[in-house]
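Engineer: For reference, the structure I am asking about is given below.
The values are calculated or read from the model by the stated rules, or taken from the named source; none is laboratory data. Just so we're clear, the structure is a prediction, and the values are computed from it rather than from any experiment. For neighbour counting, all protein chains shown are included, and Cβ atoms are generated from backbone atoms with ideal geometry for every residue, glycine included. Calculation scope for accessible area: heavy atoms of the full protein, side chains included, ligands and nucleic acids excluded. Shrake-Rupley method; radii C 1.70, N 1.55, O 1.52, S 1.80 Å.
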Amino acid sequence: MDVFDIYDKMERNNILLSFKGEITSDLLTSILQIMENKMDNMQEEPKMKKKVYNVLVECLQNLYHHLDEITEVDSEKIRSAIFTIGKMDSKYSIITGNYILNENISGLKARLDEVNSLNKEELKEYYKRVLNNGEMSLKGGGGLGMIDIARKTGEKLDYNFLEIDNKVSFFTLNIKVSNQ
Amino acid sequence: MEKYSIEGTPKTPSINFDLNGGILEVKGRSIPENSIEFYKPLVDALDKYASTAKPTTTVNVQLEYFNTSSSKCILDVFKKLEGINKGGSAVTINWHYEEDDEDMLEAGEDYQAIINVPFKMIMVNE
């Protein structure tokens with residue numbers, strides 16, 4: 001493995017933080033703390049800092065809850081996920097990647113496309129509807145995360161599914177946070 | 001039970017519920033992975049309070065961050081307060097937000113639209 005190549009790629013893409021492995025609650029606590037310190041050190045303006053922090057919480061907790069679902073079915077490797085957080089010019093990018101069972105793709109894709117089809121006002125109404133009527137998963141997920149990310153960033157959810165084999169695919173989500 | 005209090009952590013808010021005074025305060029961050037577990041004792045305390053509620057109940061919510069998992073639990077708390085308000089205790093929810101935090105103001109307005117209890121939006125300086 002060429003470590004300098006990894007370093008160089010991260011440097012050129014202005015990566016602030018990157019992680020690959022199993023997502024645990026303690027890890028998320030640490031990552032959030034590190035990102036908060038970094039943004040303080042960069043003297044990020046409070047409004048931007050809050051937005052990035054909020055979106056980061058949703059993105060990372062999505063990974064956390066999702067990996068939990070897949071555990072019972074599959075191997076250690078599949079529980080692993082990746083995320084990178086970068087800042088280019090004044091825009092932050094949060095990219096996450098995780099395995100998903102092929103049978104769950106169509107449901108997730110439908111939800112993402114639904115969110116992407118709505119404008120700002122419609123998203124607000126949709127959020128309130130799901131908040132008020134939606135069912136809550138045991139862990140409290142409940143399908144609000146993606147709606148919230150779309151509302152807070154004001155951008156469409158940029159996603160991709162890469163088929164690995166007949167059982168699993170790799171799902172990536174590419175979120176941009178800017179001061180609109 | 002006259003008081004229900006818990007201290008804040010990096011992922012959960014402090015809660016101070018003075019049942020005799022009819023004052024509930026929730027302050028800090030609410031971003032736990034499992035928010036149902038965290039909010040259940042508060043929902044239970046509100047159930048107990050409902051039968052002996054004071055003539056007025058004041059609720060101060062001052063959150064810096066909250067995740068979507070908490071947002072459903074906060075709604076459950078507000079629904080309990082809606083019931084207490086209907087039951088004869090005049091409930092007011094003071095929703096605090098920082099000056100530059102439009103997202104937090106908007107979140108308060110979302111709840112205001114769903115819950116039939118008087119809300120006050122209170123801007124605080126950082």
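Engineer: What number, in percent, do you get for the relative contact order of chain A if the mean sequence gap of Cα pairs under 8 Å and at least 6 apart is divided by its residue count?
Structural biologist: Normalised by residue count, the contact order of chain A is 25 percent.
Engineer: Moving on to the next point. I'd like the antiparallel share, as a percent to the nearest 5, of DSSP beta bridges with both residues in the protein assembly as shown.
Structural biologist: Roughly 65 percent of the beta bridges in the protein assembly as shown run antiparallel, per DSSP.
Engineer: Top to bottom by accessible area (1.4 Å), largest first, where do B:SER30, B:SER14 land? Can you show the working numbers first?
Structural biologist: Working: B:SER30 0, B:SER14 30 Å².
The residues order as B:SER14, B:SER30, largest area first.
Engineer: Another one. Grab the DSSP H runs of chain A that are 4 residues or longer, score each as -39,500 (n - 2.57), total them, divide by all residues and round the 222 nm result to the nearest 500 deg cm²/dmol.
Structural biologist: The helix contribution divided over chain A gives -16000 deg cm²/dmol.
Engineer: Chains B and A: how much accessible area gets covered up at their contact, both sides added, probe 1.4 Å, in Å² to the nearest hundred?
Structural biologist: 2800 Å²
Engineer: Which distance in Å, rounded to a whole number, links the C-alpha centroids of segment B:1-54 and segment B:78-126?
Structural biologist: 16 Å
Engineer: Counting partner chain Cβ atoms within 10 Å of every residue's Cβ in A:30-36, what's the average?
Structural biologist: 1
Engineer: Counting pairwise Cα distances across chain B, what percent come out greater than 25 angstrom? Mind showing how you got there, number by number?
Structural biologist: Numbers: 1331 of 7875 pairs.
So the portion of pairs separated by more than 25 Å is 17 percent.
Engineer: Summarise the partner chain shielding of B:59-69 as one whole number: the mean count of Cβ atoms from other chains within 10 Å of each residue's Cβ.
Structural biologist: Partner Cβ neighbours, averaged per residue: 4.
Engineer: Further, regarding this structure: How are the C-alpha pair distances of the protein assembly as shown spread across 20 Å bins, as whole percents from the shortest bin up?
Structural biologist: 31, 56, 13, 0
Engineer: Could you compute how much accessible surface A:VAL3 exposes when probed at 1.4 Å, giving the result in Å² to the nearest 10?
Structural biologist: 90 Å²
Engineer: State the extension gain, in nm to one decimal, for the chain segment bounded by A:ASN119 and A:SER18, taking 0.36 nm per residue of separation less the distance between their alpha-carbons.
Structural biologist: Contour length minus Cα-Cα distance gives 33.2 nm.
Engineer: Report P(r) for segment B:55-126: all Cα-Cα distances, bin width 10 Å, range 0 to the bin holding the largest distance, values in whole percent.
Structural biologist: It works out to 20, 54, 24, 2, in whole percents.
Engineer: Could you tell me what a quarter of the Cα convex hull surface of segment A:3-177 works out to, in nm² with one decimal place?
Structural biologist: 11.2 nm²
Engineer: Given B:ILE122, B:GLY28, B:ALA53, which one lies farthest toward the positive end of the charge dipole of segment B:3-124, if we put +1 on the Cβ of every Lys and Arg and -1 on the Cβ of every Asp and Glu?
Structural biologist: So the residue furthest toward the plus end is B:ALA53.
Engineer: As a test of reading the structure, rank A:SER90, A:SER80 by solvent-accessible area (1.4 Å probe, protein chains only), most first. Don't skip to the answer; put the middle values down first.
Structural biologist: Working: A:SER90 80, A:SER80 20 Å².
I get A:SER90, A:SER80, largest accessible area first.
Engineer: Taking only C-alpha pairs under 8 Å that are 6+ residues apart, what is the relative contact order of segment B:3-124 in percent?
Structural biologist: 22 percent
Engineer: A further question on this structure: At 1.4 Å probe radius, can you tell me the per residue accessible area of the protein assembly as shown in Å²?
Structural biologist: Using a 1.4 Å probe on heavy atoms only, each residue of the protein assembly as shown averages 49 Å².
Engineer: Considering only protein heavy atoms, what is the solvent-accessible area of A:GLU122 at a probe of 1.4 Å, reported in Å² to the nearest 10?
Structural biologist: Roughly 80 Å² of A:GLU122 is accessible to a 1.4 Å probe.
Engineer: Run the 1.4 Å probe and let me know the accessible area of A:ILE105, rounded to the nearest 10 Å².
Structural biologist: For A:ILE105, the solvent-accessible surface is approximately 30 Å².
Engineer: Straight-line reach from B:LYS79: which aspartates and glutamates have Cα under 14 Å away, leaving out those fewer than 8 places along the same chain?
Structural biologist: B:LYS79 reaches B:ASP44, B:ASP47, B:ASP110.
Engineer: Could you tally the net charge around B:VAL117, taking each other residue with its Cβ under 13 Å from the Cβ of B:VAL117, Lys/Arg +1 and Asp/Glu -1?
Structural biologist: Neighbourhood net charge equals +3.
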